[in-house]
Amino acid sequence: MRNPDHLVARCLKQLLLFVVIMSFALILSAKASAQEASAGVDSSFALRTNLLWDATAEPNIAVDVRVGDHVTLGVAGGLKPWPRWAFWDWDNSGDNKHWRNFAVVPQFRWWPEHVWDGWFVGTDFIYTHYNVGAVRFPFGMYPDVRDFRLQGSFWGGGLLVGWSWWLTDNWRIETEAGLAAGLAAYDRYDCPHCGTKLGTEHKAALVPKLGVNIVWHPKKKNKRENK
């Protein structure tokens, strides 16, 4: 089995790439803020986290940038460097469960009514690197990881639909669901923690996507945007 420290180092390198992407997004948001300030429009960008990812012990954050009255661009990233369900639990002797991963998800959204309000539809792209074994996913998804350890990457893209509503002038809740299709390339090992490699595989895969996002706007919403 690969050294866990090696995987953490790889995850951290990918996290650095995510930080660079986020920096560019923040630069764009600053430009949008300056343009919208002159037009008297607030809420030019937002920060969000997917509570469902957080529930699986994968901290994540995303930034969304308003680029028009009906369009936003965003990028999300999540990192789970510890092997099981909690960041303090590095001990692999108690059970065979093993789950580390890193993900970056750029996203485009179109809002039929107005940015940040009501329904939205969109498309996104996903890259994730994972190391998973002895994990039972709901609804029988990904049955290979019940009895084997898979370590590799997935590249794909898909469609999504969601709904947004305001809680306060600075906070919103979003729900979203979608489906992504792509290519998985991974090494298969014959048990969750051993190093016996059975082979390298490539296959097409479908990945369902669910999100319950808590969203924060540094500026208050414009009252005329939400009647």
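The values are calculated or read from the model by the stated rules, or taken from the named source; none is laboratory data. Predicted model, so just to flag it, every value in this text is computed and none were measured. Backbone-built Cβ (ideal geometry, glycine too); neighbour counts: all protein chains shown.
Do we find a residue being at pLDDT below 90 and not in a loop (DSSP other than H, G, I, E, B) anywhere in segment 61-74? Checked against the condition, which is being at pLDDT below 90 and not in a loop (DSSP other than H, G, I, E, B), segment 61-74 yields no hits at all. Residues in segment 63-78 that are farther than 17 Å from residue 110 by Cβ and in contact with a Lys or Arg (Cβ under 9 Å, 6 or more places away or on another chain): 63, 76. I need the full set of residues from segment 117-166 which are aromatic (Phe, Trp, Tyr) and more than 16 Å from residue 181 (Cα to Cα), in order please. Once the filter is applied, which keeps residues that are aromatic (Phe, Trp, Tyr) and more than 16 Å from residue 181 (Cα to Cα), segment 117-166 yields 119, 120, 130, 137, 139, 148, 163, 165, 166. Please go through segment 154-208 and give me each residue that is within 21 Å of residue 120 (Cβ to Cβ), assigned to a strand (DSSP E or B) and polar (S, T, N, Q), ordered by number. Matches in segment 154-208: 164, 175. Does residue 118 meet the test of being loosely packed, with under 14 Cβ neighbours inside 10 Å and assigned to a strand (DSSP E or B)? So residue 118 passes the test.
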